[in-house]
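Everything on this sheet refers to the single structure shown next.
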Amino acid sequence: MLKLIQHIRIEALLFLAFATLIWFVMTVSATTVERQYTMNFTSDASVVDMFWMQDSTINTQVTVRSKGLSALFMRQFNGLEVPFSANNTIRANSKGLYALPEDLERILFERFGSDYEFNFSVKSDTFYFPSASLVTQSIQLRFDLQSLRLPEGYRWISPPAINPVDVEITGPEWAIPSGPITLELPQMEWKEILREHIPLPELGPLLTQSSNKVVLTAQADIWVEEHFTAEVKWEGRTHTIELWLSGPFTYLRRGGWEKHVSIALHAVEEGVGLDIDSRNSLVTVLSYAPKILVHSQE
């Protein structure tokens with residue numbers, strides 16, 4: 001008999017607990033809870049379109065409404081930090097960058113679903129980010145020749161040069177370099193004609209640039225001294241002359257030196273003089289003979 005009574009009591013307690021749970025669920029389900037919280041919406045970008053966001057966070061009051069069991073978890077919205085994608089949310093006009101309440105509502109809906117309703121109780125229907133227009137400036141590029149070595153006996157035919165010589169940089173005015181940008185050239189030995197692509201240094205996420213690399217070109221050659229012979233004619237006679245030239249091997253190799261030197265004859269007291277001059281600043285006439293091609297007594 002005692003066991004039966006105990007069994008009846010347990011069942012009664014279970015029934016009472018179940019009934020209480022049903023009452024609680026029905027009561028909560030029928031109750032709508034509405035509270036206001038401060039939320040921070042933070043963009044994942046600092047530069048959008050042609051504007052720089054000085055502050056990428058919107059701080060605003062949001063009224064949250066829910067009913068049912070979801071209302072029990074509304075404290076999660078107190079001081080909530082909400083990161084969002086600038087590409088899908090931030091808009092731009094002549095005044096700057098902004099977001100609309102429906103943009104922020106969409107972000108919250110995507111994160112929390114339909115269990116909650118959100119209302120932005122602000123006087124303005126537009127949330128503007130403190131922003132400033134981006135500027136574009138032309139910055140000169142420079143490099144240090146000390147990293148480029150010439151082999152012994154070599155000289156520059158065409159000194160090292162870069163293309164382009166400057167770069168257009170766009171970004172917040174304070175972030176743009178105030179002086180030239182120095183390129184980091186690799187340590188290398190130059191021979192003949194070389195062409196190298198040199199990457200520009202990274203300038204940071206706030207800046208964009210018109211080019212990410214430059215082309216470095218130069219031509220070097222070994223300097224030689226060579227003796228040559230040539231023939232000139234005067235009044236039907238052929239005369240042999242000797243030249244001693246200095247310059248790049250490429251210019252003075254056999255059959256190529258003639259276009260870099262001019263040979264002229266002129267009358268002098270002694271007879272017919274011979275003039276040999278360089279047409280190229282890189283080619284030097286060290287000596288030539290004879291100075292008088294034809295003497296007057298001949």
Practice prompt. Could you name every one of the strands (runs of 3 or more DSSP E) located completely within segment 184-298 that has at least 1 residues being in contact (Cβ under 8 Å) with a residue 60 or more places away in the chain and more than 30 Å from Val47 (Cβ to Cβ)?
Written response: 213-234, 237-248, 284-289, 292-295
Worksheet item: All but one of (1) modelled with pLDDT under 85; (2) touching a strand residue (DSSP E or B) at 6+ places or on another chain (Cβ under 7 Å); (3) of a type in the set (Asp, Glu) hold for Glu117; which doesn't?
Response: (1)
Worksheet item: On the given criteria, is Ser66 in the same structural domain as Glu110 (by TED's automatic domain parsing) and assigned to a helix (DSSP H, G or I)?
Response: no
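Table: residues versus (1) in a strand (DSSP E or B); (2) modelled with pLDDT under 90; (3) under 29 Å from Asn280 (Cβ atoms).
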residue	(1), (2), (3)
Pro151	no, yes, yes
Val167	yes, no, no
Thr170	yes, no, no
Thr182	yes, yes, no
Worksheet item: Which residues, counting only those in segment 221-272, are farther than 30 Å from Pro160 by Cα and of a type in the set (Val, Ile, Thr)?
Response: Thr229, Val232, Thr238, Thr240, Ile241, Ile263, Val268, Val272
Worksheet entry | Among (1) at pLDDT 85 or above; (2) at positive phi - the single one Ser158 does not satisfy | (2)
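Yes/no matrix, rows are residues, columns are (1) without any contact (Cβ under 8 Å) to a residue 12 or more places away in the chain; (2) exposed (fewer than 15 other Cβ atoms within 10 Å of the Cβ); (3) within 30 Å of Glu225 (Cβ to Cβ); (4) assigned by TED's automatic domain parsing to the domain that holds Leu183:
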residue	(1), (2), (3), (4)
Asn93	yes, yes, no, no
Leu104	no, no, no, no
Tyr116	no, no, no, no
Thr126	no, yes, no, no
Phe129	no, no, no, no
Gln140	no, yes, no, yes
Leu145	no, yes, yes, yes
Leu150	no, no, yes, yes
Pro159	no, yes, yes, yes
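Of the residues Leu108, Leu97, which single one is surrounded by 15 or more Cβ atoms within 10 Å (Cβ to Cβ) and part of a helix (DSSP H, G or I)? Outline the logic, then answer.
On the way: Leu97 fails: part of a helix (DSSP H, G or I).
Residue meeting the stated conditions: Leu108.
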Practice prompt. From the list Glu189, Glu226, pick out the single residue that is in contact with a helix residue (DSSP H, G or I) (Cβ under 8 Å, 6 or more places away or on another chain) and charged (D, E, K, R).
Written response: Glu226
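The values are calculated or read from the model by the stated rules, or taken from the named source; none is laboratory data. What you are looking at is a predicted structure, and each value in this text was computed from that prediction instead of being measured. Please note: Cβ atoms are built from the backbone with ideal geometry, for glycine as well, and neighbour counts cover all protein chains shown.
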